[in-house]
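For reference, the structure discussed in these notes is given below.
The values are calculated or read from the model by the stated rules, or taken from the named source; none is laboratory data. Quick caveat: nothing in here was measured; it's all calculated off a predicted structure. We place every Cβ from the backbone using ideal geometry, glycine too, and count neighbours over all the protein chains shown. The area values use the complete protein model at the heavy-atom level, side chains included, leaving out ligands, DNA and RNA. Shrake-Rupley method; radii C 1.70, N 1.55, O 1.52, S 1.80 Å.
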Amino acid sequence: MDKKLDRKQKDELLSRTVPSRQKQAKEYLQGRSPGTMQRYAPDAHADKREGWVESEETVRDLVDWREEAIY
């Protein structure tokens, strides 16, 4: 079901989603990891050259998780 939103529905959706995305972007730019990142890579840390860096163990865990995902 690919239903197109009318203008009012689109405005309502954006009014609920945009502030959340703006908050996540602000947190990221201030060097704080957004909640999703903390959930999947709690040991990640900011690096000026490489961005967010995870441990080898976390990377392996994420690979395993993605391989087992049902999607």
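Summary table below
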item: Positions within the range 45-65 being polar (S, T, N, Q) and under 17 Å from the mean Cα position of the chain (by Cα), in sequence order; result: THR58
item: Selected residue (criterion: most open to solvent (accessible area, probe 1.4 Å)) from residues of the range 50-60 that are within 22 Å of TYR28 (Cβ to Cβ) and not aromatic (Phe, Trp, Tyr); result: GLU50
item: Failed condition for ARG32, given (1) among the charged types (D, E, K, R); (2) modelled with pLDDT under 80; (3) assigned to a helix (DSSP H, G or I); result: (3)
item: Qualifying residue in the range 19-27 (condition: loosely packed, with under 11 Cβ neighbours inside 10 Å, modelled with pLDDT of 80 or more and either out of contact with any Asp or Glu (no Cβ under 9 Å at 6 or more places or on another chain) or hydrophobic (A, V, I, L, M, F, W, C) (or both)); result: no
